[in-house]
Every structure is written in structure tokens, then in C-alpha cells.
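Accompanying notes for the structure given below.
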């Protein structure tokens, strides 16, 4: 058998280099902290809460992971466009309504302290209805 050489066009070389840089060749995205899968549900008064932004911010700093609840209040976090999950370690979870949503920011003002562990993390967040005042 004879050895064959592979010739890449300049564009193919750039694309291959970019793909290897983004993936980091190790299964982890280059330059990112250790990440773990984070998903769960958000409810308000026991009712699933759709169209709410969910934020997971590591208390040690760094990028905030973001998610969006679906019609059943479920969410999955994204660390970036190319990486899912959130940074491993102690974190604070907060919520915000989508622009133009009928949700009051006051309904979503509660935060939660969580510890994101390596592997899969599933959290259930129950927000309480604010007491009505006259």
C-alpha cells in the first residue's frame, strides 16, 4: 500500500482549525470552565411559568448561563452559543420576564442559591405569589 497525502484548500484548513479550537480537542470547549448539564422547571403558585428567562451565575465570577422556559415551565441552560450547561460550583439563579411579557418583574424577584455539580443537575424552582395589598 502506498501512502497518500491529503491536500487541504486554504478555506478547509481555516475551517478545520476553527473547529478544533472551538471543541478544544478534549470534549470540552476551549477556554471555558468545567460545565455541567442544568435543567429543570419554574412554577409560580404551582403553575408552570412559560416564557421566563432563567440565569445561572457562578458566585466565583465568569459568564452567566441562560435559559428560557417553555410552555410547561421547563428550561435547559446554555453557557454560550456552542456550549450547553452552566459552570460547576456555587451559583445564584435569577429570573426575568421576556420583553413585552405579561409577567411582573416583582413576581420573578426571588433568587435561589444552588450548587452545580459535575454531571446532570435538575432543579425545581417554585416562585410564590406576592400577597395582595389593598
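Taking residue 65, is it at pLDDT 95 or above and within 17 Å of the chain's Cα centre (by Cα)? When the stated conditions are applied, residue 65 passes them.
Residue 50 meets each of the listed conditions (1) part of a loop (DSSP other than H, G, I, E, B); (2) free of Cβ contacts under 8 Å to residues at least 40 places away in the same chain; (3) in contact with a strand residue (DSSP E or B) (Cβ under 7 Å, 6 or more places away or on another chain); (4) surrounded by 13 or more Cβ atoms within 10 Å (Cβ to Cβ) apart from (3). Within segment 95-121, the set of residues being surrounded by fewer than 10 Cβ atoms within 10 Å (Cβ to Cβ) and either within 23 Å of residue 62 (Cβ to Cβ) or modelled with pLDDT of 90 or more (or both) comprises 113, 119. Under the condition of being under 17 Å from residue 51 (Cβ atoms) and over 18 Å from the mean Cα position of the chain (by Cα), the residues counted in segment 111-127 number 1. Condition first: exposed (fewer than 14 other Cβ atoms within 10 Å of the Cβ) and under 13 Å from residue 52 (Cα atoms). Can you find one or more residues in segment 78-94 that meet it? Looking through segment 78-94, none of the residues is exposed (fewer than 14 other Cβ atoms within 10 Å of the Cβ) and under 13 Å from residue 52 (Cα atoms). If you go through segment 84-106 one residue at a time, do you hit one that is part of a loop (DSSP other than H, G, I, E, B), under 14 Å from residue 35 (Cα atoms) and touching a residue at least 24 places away in the same chain (Cβ under 8 Å)? The answer is yes, given that some residue of segment 84-106 is part of a loop (DSSP other than H, G, I, E, B), under 14 Å from residue 35 (Cα atoms) and touching a residue at least 24 places away in the same chain (Cβ under 8 Å). Picking from 3, 30, which residue would you name as being modelled with pLDDT of 55 or more, assigned to a loop (DSSP other than H, G, I, E, B) and over 24 Å from residue 92 (Cβ atoms)? Criteria check complete, one pass: 30.
The values are calculated or read from the model by the stated rules, or taken from the named source; none is laboratory data. These figures come from a predicted structure and were not determined experimentally. Every residue, glycine among them, receives a Cβ derived from its backbone with ideal geometry; neighbour counts consider all protein chains shown.
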